[in-house]
1. For a quick protection proxy, order the peptides 80-87, 17-24 by their average other-Cβ count within 10 Å, most packed first.
2. Could you list, bin by bin from short to long, the percent of Cα-Cα pairs of the stretch 4-86 in 5 Å steps?
3. Between residue 144 and residue 164, what is the spin-label point distance in nm, taking each point 7 Å from the Cα along the Cα→C-beta axis?
4. Tell me the label-point distance for the pair residue 79, residue 103, using the 7 Å Cα-to-Cβ offset, in nm and rounded to one decimal.
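Derivation of every value follows stated rules applied to the coordinates shown; laboratory data play no part. Being a predicted model, the structure only gives us computed values, none of them experimental. All Cβ positions, glycine included, derive from the backbone under ideal geometry; neighbour counts span all protein chains shown.
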C-alpha cells in the first residue's frame with residue numbers, strides 16, 4: 001500500500017508534562033488532512049483518540065489519559081500518512097495526594113466538555129451550566145398524573161437531558177397552563 005503523504009512527525013507538545021486528563025496541544029508536520037484522516041493518537045502508550053480535536057495539519061488538541069508509562073512518545077497515525085514518529089516526549093506526573101485539611105485549588109474546564117456518546121468533536125455545555133428550567137418561565141407541575149403521561153408517551157421522558165426526551169411531555173407536565181406567547 002502506497003501512502004499519499006509523508007508520515008506524521010510530532011515536533012512539539014505543550015505542556016510537556018502533567019497529570020492524567022491534562023489538555024495538551026500537539027504540534028508537528030503532516031498530522032492529517034482533516035478530522036476523519038486522524039485514526040490514532042497515543043501519548044505515553046495511552047490511546048487519546050477519543051479526546052482528540054484535529055485543528056490543522058500541524059496542530060491537534062487532546063487530553064492525556066491515564067497511562068502505565070511515566071514518560072513516553074506522542075504517536076499520531078493517519079490514513080494518508082500511516083504511523084508517525086515523535087521528536088519530543090510527554091512526562092506523566094502522579095497527582096499529589098492531599099489530606100482533608102490541606103488547601104487545594106480545582107480548575108474545571110467547563111467550556112470544552114465533550115459528550116463521548118455522540119460526537120467527539122461536538123462541544124456541549126456541561127450539566128452544571130444547563131438551567132434547571134430551560135424556558136425560564138414559572139413551572140406549573142402536578143396537573144396531570146404521571147401514569148397518564150407515561151401512557152401517552154411510552155418510552156419517552158420529560159427530562160431534557162435524556163436521550164428519550166419528549167418536548168410535548170415536558171410542556172404538558174411543566175407548563176400546561178402557560179400561554180403560548182410566553183413560551184415563544
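1. Working: 80-87: 17.2, 17-24: 15.2.
The densest-packed peptide leads the list: 80-87, 17-24.
2. Using 5 Å bins, I get a P(r) of 3, 18, 32, 27, 13, 6, 1, 0 for the stretch 4-86.
3. Distance between the two pseudo-spin positions: 1.6 nm.
4. A separation of 5.2 nm, rounded to one decimal place.
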